[in-house]
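Encoded as structure tokens, the structure appears first; notes follow it.
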Amino acid sequence: MALLQTTIDDDVKARADAVFARSGLTSAMAVRVMVTQVANTGVSPFDGLFSTPAGRAFSEEVRVAMLREEAKECGLLPDDSFDATTMPDDVLSMLGVTAEQVAL
């Protein structure tokens, strides 16, 4: 038996969980069903998705974004995220507020 693991944004997973729940599935069950169906039929829901010029451009954008995120996870690129309990001064300035006004 093989194990598939992935990291996904909490919000994305929560929204997907809600969609799958309408069919009585969990996200793990839905992935298992999809992978089994692909293996059994030899057809992927992604077949042809990137064959149009627009699809190829989208595919390249996705590929670059995925590589960038992997590089951040591996420490090859700096992680541009910030502590969620603080807001950067440039964002506060852009919003025209101070940290005291937003009560961080």
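If contacts are Cα pairs under 8 angstrom and at least 6 residues apart, what is the relative contact order of the chain in percent? If you can, show how the numbers build up before the last one.
Details: 26 pairs, mean separation 9.0, N = 104.
For the chain, the relative contact order is 9 percent.
Divide by every residue of the chain the summed helix terms, -39500 (n - 2.57) for each DSSP H run of at least 4, and state the resulting mean residue ellipticity at 222 nm, rounded to the nearest 500 deg cm²/dmol.
Numbers: 5 runs with 59 residues, N = 104.
Calculated mean residue ellipticity at 222 nm is -17500 deg cm²/dmol.
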What's the angle, to the nearest 10 degrees (0 to 90), between helix 10-21's Cα axis and the longest principal axis of the chain?
-> 40
Protection-proxy order for peptides 7-13, 89-95, each taking the mean of Cβ atoms within 10 Å per residue, highest first = 89-95, 7-13
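Does the range 32-78 come out rounded, prolate or oblate by the C-alpha gyration tensor, with a ≥ b ≥ c the root eigenvalues, rounded set by a/c under 1.5 and, if not, prolate when a/b is larger than b/c and oblate if not?
Details: a/c = 5.28, a/b = 1.51, b/c = 3.50.
Judged from the Cα gyration tensor, the range 32-78 comes out oblate (a/c at least 1.5, b/c at or above a/b).
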Residue 29 and residue 66 label points (each 7 Å along its Cα→Cβ direction) are spaced in nm at 2.7
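How do 20, 46 line up, fewest other C-beta atoms within 10 Å first? Spell out each step's value before the answer.
Working: 20 17, 46 9.
Neighbour counts put them in this order, fewest first: 46, 20.
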Report the label-to-label distance for residue 46 and residue 99 in nanometres (one decimal), using points 7 Å from each Cα along the Cα→Cβ vector.
-> 4.2
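Counting other beta carbons within 10 Å of each residue's own, what order do 44, 27, 51 fall into, fewest first?
Arranged by neighbour count, lowest to highest, 44, 27, 51 become 51, 44, 27.
Read the figures in this text as sums done on the coordinates, not as results from a lab. Every value quoted in this text rests on a predicted model; they were computed, and no experiment measured them. Note that we place each Cβ from the backbone using ideal geometry, even for glycine, and neighbour counts take in every protein chain shown.
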